[in-house]
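Remarks on the structure that follows.
The values are calculated or read from the model by the stated rules, or taken from the named source; none is laboratory data. These numbers were taken from a predicted model, which means no experiment stands behind them. A quick note on method: Cβ atoms are made from the backbone with ideal geometry, for glycine too, and the neighbour counts reach across all protein chains shown. We work out accessible area using only protein heavy atoms, side chains counted, and drop any ligands, DNA or RNA first. Shrake-Rupley method; radii C 1.70, N 1.55, O 1.52, S 1.80 Å.
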Amino acid sequence: MSIFPRISLRPEVTDYLKSVFLNKELLAAVGHQEAECRFQKLLTCLSHPPSYTCVRASTHLAPLEEIRHELGEELKKQMCSSSSEEVSLQILPHPRIPDVLLLPVDGPRPVKQLSSEVVVGAQCGTAVLRGAHVFAPGIVASPKYMKAGDVISVLSDLEGKCTRGALGFQGKRVFVGNGVAEMDRSSIFRTDEPVKGIGVRMTEPLYQSPSFDGVLPSLVFLQNLPSVVVGHVLGPRPGERILDMCAAPGGKTCHIAALMGDQGEVVALDRIRNKIDRIRQNAQMLHLRCIKAYCFNSTQAVSSDPAQEAEGPPFPPESFDRVLLDAPCSGLGQRPNMASTWSLKEICSYQPLQRKLFHAAVRLLKKGGVLVYSTCTVTLAENEEQVAWALNTFPCLTLQPQEPHVGAEGMLGAGLSPEQLRLLQRFSPELSWDQTDPSTPLPCRADRDTIGFFIAKFLKN
């Protein structure tokens, strides 16, 4: 159900996306009206959260049913403490992905907006729509005399124009629910030290889903469904050496290690040092010892010295059995996302970087090895066009079937054949937006109501 305005983009970005979704190949196949309809649905669904929360279970540590039971007990405790009424909680396994649990999201709910308001940044507003409380650093404006215990409405500043510490804000904003202030205004906007902790505890969110803050950290990991699918598509096996080229914050890295039963070696690279610490923390929390994380630019990860003996990067060519290139991208598939202030130049800046990473990935992969390329965006330039370019540039690569294949096939517009498109996996939430009956069982809905995402799997011959 649509309750938010469509995602707010710069006009030139909207025009660019429209040209992608109304390309000649697609228009010839589905007609102008259908293509236009899909594009408008895309803009609408991107501003709304999916109808469920996806959790990856650490099945390398305990059976799925045991984790499901423990999670149910933990969340019941959490919900009973915040509500006097009896709580019913559904936690459902995914029919085809053996380490996924799905929890329905209740929303949008009929919540009445109050006169007293706090304004939060867009990122914080997005987190609230997916079940989080409001952490104090996310608050940008509050009433002058706000005290802990005040009941207050939370609004998200869509364009990042509210000045931190303001008493109110009348710019472009959207209501995300009501909560109780946990801090006074003076504590939130103090200047002597960084503020921490929950600023507003959500009691009536517009979209109700459990908060996973501190819940079974070693057994459950919040992850979007397509991101879990990537690990299975890569198909890691015990004893292999696997490279995750752009690994932070490490969700996919840890999943790969878990699927290998922590036997073998998973090398995780990322350019940003503090993100490497996050990967190591996640690995430690999930009891995974086969992960080695390095701060390194993956475009330079191939060594020119074939006799190199060092353990870390750069690596000799053909060092890895499998490579995951979950590439930096324009991120236009993320949901909910109510606004992007990026210019067209920024949106289009990723394709050259992705190609540099591709060159390194192919060189680092052994003959007979598997390369998986993925993004969380919806453009052709970063998805199907990259596949067409890769097949043209590297004759040693062939597209492979994906298992599980729960998304749609690739999108027309990059000159790929129908057979090639069928081998790709594009998660296209706009294809089922407004068609999904809430009474349809959640596991049947889950594969279609995702973030926008793309996966291609190659074999190096």
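Computed values, structure above
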{"read-out": "Exposed GluC sites (Glu not before Pro) absent: longest stretch of the chain, with sites in DSSP loops and at most 11 other Cβ within 10 Å deemed exposed", "value": "87-308"}
{"read-out": "Length-normalised contact order for region 279-387 - Cα pairs under 8 Å, 6+ apart - percent", "value": "32 percent"}
{"read-out": "Net charge, GLY149 excluded, C-beta distance under 14 Å - Lys, Arg +1, Asp, Glu -1", "value": "0"}
{"read-out": "The chain, accessible area per residue, ligands and nucleic acids excluded (1.4 Å, Å²)", "value": "44 Å²"}
{"read-out": "C-alpha center-to-center spacing [region 340-398, region 1-60] in angstrom", "value": "21 Å"}
{"read-out": "Accessible-area composition of region 1-156, carbon plus sulfur, in percent [1.4 Å probe]", "value": "54 percent"}
{"read-out": "Calculated [θ] (222 nm, deg cm²/dmol) that DSSP helices of n ≥ 4 give over the chain, each run adding -39,500 (n - 2.57)", "value": "-8500 deg cm²/dmol"}
{"read-out": "Estimated inter-spin distance, ARG10 and TYR145, nm [label 7 Å along Cα→Cβ]", "value": "4.4 nm"}
{"read-out": "Charge sum, other residues only, whose C-beta stays under 12 Å from GLY165's C-beta, Lys/Arg counted +1 and Asp/Glu -1", "value": "+4"}
{"read-out": "At R0 = 41 Å, FRET efficiency that the Cβ-Cβ distance of LEU431 and LYS76 yields, to 0.05", "value": "0.70"}
{"read-out": "Cα gyration tensor shape for the chain, rounded if a/c is under 1.5, else prolate or oblate", "value": "prolate"}
{"read-out": "Average Cα contact separation per residue, region 300-340, under 8 Å, 6 or more apart, as relative contact order %", "value": "29 percent"}
{"read-out": "FRET efficiency estimate (nearest 0.05) - Cβ-Cβ, LEU22 to SER439, R0 41 angstrom", "value": "0.80"}
{"read-out": "Listed residue pairs exceeding 27 Å between alpha carbons, taken from LYS18/LYS275; LYS292/LYS366; LYS292/LYS356; LYS24/LYS367", "value": "LYS18/LYS275; LYS24/LYS367"}
{"read-out": "Distance from region 125-140 to region 171-208 (C-alpha centre basis), Å", "value": "7 Å"}
{"read-out": "Segment GLU419-LEU64, length gained on full extension (0.36 nm per residue, minus Cα span)", "value": "124.3 nm"}
{"read-out": "Mean Cα-pair separation over length for the chain, i.e. relative contact order, pairs under 8 Å, 6 or more apart, %", "value": "17 percent"}
{"read-out": "Cross-link pairs beyond the 27 Å C-alpha cut-off, checked among LYS161/LYS252; LYS172/LYS345; LYS77/LYS252", "value": "LYS161/LYS252; LYS77/LYS252"}
{"read-out": "Other-chain or far-sequence residues with amide H under 5 Å of VAL120's (modelled H)", "value": "VAL140, LEU155, SER156, ASP157"}
{"read-out": "Two-site FRET efficiency, GLU34 against ILE3, from Cβ-Cβ distance with R₀ of 22 Å, rounded to 0.05", "value": "0.35"}
